[in-house]
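Written below as structure tokens is the structure these notes are about.
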Amino acid sequence: MLWSRAMEPTKRGTFTIKADDDVAKGRFANVAQVASTQEAFVLDFAFVQGPAGWLLARILVSPTHAKRFHAVLSDSLARYEERFGSVDPGPLLQ
């Protein structure tokens, strides 16, 4: 079975995104790493427990899409904090 969600209308019309059930369930990541080149940003999401870790997803996006993602994530986080209070980012891992 495929998951499908109609997206907001765009200048070109609407579109549908489909995903297999396993992908649509989602996965919990407790570590994220971002790297970039001139052509792309690489977003790695992993789950680490004790001394072991598993890379769950590696997403590559253009700088333009990274900028849009940054804007929408910032907006979503601001709305979340208005509703639920400030989020403590915790320690930074280097």
In the set Gly26, Gly13, which member is out of contact with any His (no Cβ under 8 Å at 6 or more places or on another chain), within 29 Å of Leu92 (Cα to Cα), surrounded by fewer than 10 Cβ atoms within 10 Å (Cβ to Cβ) and at pLDDT below 95?
Gly26
For segment 34-66, give me the residue count where each residue is of a type in the set (D, E, K, R) and more than 25 Å from Val23 (Cβ to Cβ).
1
Note on Ala19: of the conditions (1) loosely packed, with under 10 Cβ neighbours inside 10 Å; (2) touching a strand residue (DSSP E or B) at 6+ places or on another chain (Cβ under 7 Å); (3) small (Gly, Ala, Ser), unmet is (1)
Taking Asp75, is it surrounded by 12 or more Cβ atoms within 10 Å (Cβ to Cβ), modelled with pLDDT of 95 or more and under 18 Å from the mean Cα position of the chain (by Cα)?
no
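The values are calculated or read from the model by the stated rules, or taken from the named source; none is laboratory data. None of the values given here were measured: they were computed from a predicted structure. Here the Cβ is made from the backbone with ideal geometry for all residues, glycine too, and neighbour counts use every protein chain on show.
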